[in-house]
Amino acid sequence: MKKTTGALLGLCATGPLLLAIPILAISAGTASASCSTGGAQAVDGAAVAKQVKAILDGDDKGTVSVPGLDDPADQVPNAKTIQATGVAMNIPAKGQIVALATALQESGLRNLTYGDRDSLGLFQQRPSMGWGTANEILDPVHASTKFYEGLKKVSGWQSLSITQAAQAVQKSGFPEAYAKWEPLATALQKAIEPLLPKAGAASPSPSSSGSTDASPSPEDTGGCSADGDGTDFGTIPAGALPAEYKIPANASREVQTAIRWALSQLGTPYQWGGSCTNSHGKNAMGRCDCSSLVQQAYKAAGVSLTRTTYTQVKEGKAVSVDALRPGDLVFTEGTAAVPEHVGMVIGQGLIIHAPHTGDVVRIATLSSWKPRILAARRVI
């Protein structure tokens, strides 16, 4: 890849605590941030863990800093999304560190709306190179998913160094640049890991639409009734995901993506009227209410839904409560024609929803919802 003289836009801070994250350097495949040619910087893992927890708990009040990050309130939630997506896809810790180091180098853990040529997002992926549409790449869950999918295609990536693995996916014009971020990426991964739900592995992608699998459909076998009603999980703490849960292997890719995106919002505070476009951020109106949660989850999967429960109950087609599939929307409260609450079935007798003011995005069991369900819709 060719380097372009004068293309470097980022600057390094020289203060004792903060290293400004570089913005952009021109390369042919993806935009690579390049700020210092020095080696990796030592990182105080305990200090990072304490500060990361404060940020994700919402206790920072703008005063918490993380050495190596110049805007941690924005960057740490992005790191959490990258890592949570890796957990959902059954990517081991090393792969999560590869992804974090890559995003630190490419965007400074910022969801950039610009870059070299058409590069965008956390990983500076290019629509023209097949990473997705611009809107998809700017969704952190989609961007993270595509990065991990690329990593899994690299033969023997587990035995490569962090830099080699990152380069194998990104094909950057600065192949050695990822190395300096390994200590910070490792510290972030270790700090975020205990704060994530103990999610089960995401299942492999379903076979193509041309599959001739003769096994009965969920409708033929009773849908969720054959999948349990969630009672086996017992009491599920707010914001937690049972360790035994797995994203359904027989769900479509769109449904798997929608579920994975929704799960990445677990534990974030409810906000009536919130857009659910930045549930981990400081702006309350970026958080989720019930209908924006399912709307944005499906948007991440490339499926457009309307905004409110009153209109979502008219989306897709009606289905029986006894024949629910993962991805179906279920409505409670109000009336069947004008329901006031919605959740999304995620399989194994579980539903994800954003309940009400004072609560967080959480998992409920089908058994607790079934007596109250007024309507159910299958949107794809």
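Listed here are the residues, each with its yes/no results for (1) among the basic types (Lys, Arg); (2) at pLDDT below 95.
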| site | (1), (2) |
| --- | --- |
| 124 | no, no |
| 138 | no, yes |
| 141 | no, yes |
| 146 | yes, yes |
| 175 | no, yes |
| 178 | no, yes |
Can you find, within region 355-373, the residue that is farthest from residue 320 (Cα to Cα) among those that are touching a His at 6+ places or on another chain (Cβ under 9 Å) and among the hydrophobic types (A, V, I, L, M, F, W, C)?
361
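Table: residues versus (1) farther than 21 Å from residue 147 by Cβ; (2) among the β-branched types (Val, Ile, Thr); (3) at pLDDT 85 or above.
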| position | (1), (2), (3) |
| --- | --- |
| 9 | yes, no, no |
| 17 | yes, no, no |
| 20 | yes, no, no |
| 49 | yes, no, yes |
| 92 | no, no, yes |
| 105 | no, no, yes |
| 108 | no, no, yes |
For region 305-353, give me each residue that is among the charged types (D, E, K, R) and in contact with a His (Cβ under 8 Å, 6 or more places away or on another chain).
333
I want to confirm something. Restricting to region 223-272 and keeping residues that are closer than 26 Å to residue 319 by Cα and of a type in the set (D, E, K, R), which single residue is least open to solvent (accessible area, probe 1.4 Å)?
260
Considering each residue of region 126-172, count those that are surrounded by 17 or more Cβ atoms within 10 Å (Cβ to Cβ) and charged (D, E, K, R), and give that number.
4
Please list, ordered by first then second residue, the pairs with beta carbon atoms under 7 Å, 6 or more apart or interchain, first in region 157-174 and touching a residue at least 12 places away in the same chain (Cβ under 8 Å), second among the acidic types (Asp, Glu) and assigned to a loop (DSSP other than H, G, I, E, B).
163/176
List every residue pair whose Cβ atoms sit under 8 Å apart, with the two residues 6 or more apart in sequence or on different chains, where the first one lies in region 78-105 and is under 23 Å from residue 267 (Cα atoms) and in contact (Cβ under 8 Å) with a residue 24 or more places away in the chain and the second, anywhere, is surrounded by fewer than 23 Cβ atoms within 10 Å (Cβ to Cβ) and charged (D, E, K, R).
78/110; 83/193; 91/152; 93/193; 97/182
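For (1) of a type in the set (Gly, Ala, Ser); (2) in a loop (DSSP other than H, G, I, E, B); (3) modelled with pLDDT under 95, each residue gets a yes or a no:
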| site | (1), (2), (3) |
| --- | --- |
| 281 | yes, yes, yes |
| 311 | no, no, yes |
| 333 | no, no, yes |
| 342 | no, no, no |
| 358 | yes, yes, yes |
Select from region 278-331 the residues that are among the charged types (D, E, K, R) and closer than 15 Å to residue 375 by Cα and write down the one among them that is least open to solvent (accessible area, probe 1.4 Å).
328
Looking at (1) over 23 Å from the mean Cα position of the chain (by Cα); (2) under 18 Å from residue 299 (Cα atoms), find the lone condition where residue 338 falls short.
(2)
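Taking region 360-376 only, how many residues are in a loop (DSSP other than H, G, I, E, B) and open to solvent by 20 Å² or more (accessible area, probe 1.4 Å)? Spell out how you get there, then give the answer.
Taking region 360-376 as the starting set, the residues that turn out to be in a loop (DSSP other than H, G, I, E, B) are 361, 373-374.
Cutting the leftovers down to open to solvent by 20 Å² or more (accessible area, probe 1.4 Å) gives us 373-374.
Qualifying residue count for the region: 2.
The values are calculated or read from the model by the stated rules, or taken from the named source; none is laboratory data. Keep in mind that what you see is a predicted model, and the values were worked out from it rather than measured. Reconstructed Cβ throughout: ideal geometry from the backbone, glycine too, with neighbour counts over all protein chains shown. In case anyone asks, the SASA skips ligands and DNA or RNA and just uses the protein heavy atoms, side chains included. Shrake-Rupley method; radii C 1.70, N 1.55, O 1.52, S 1.80 Å.
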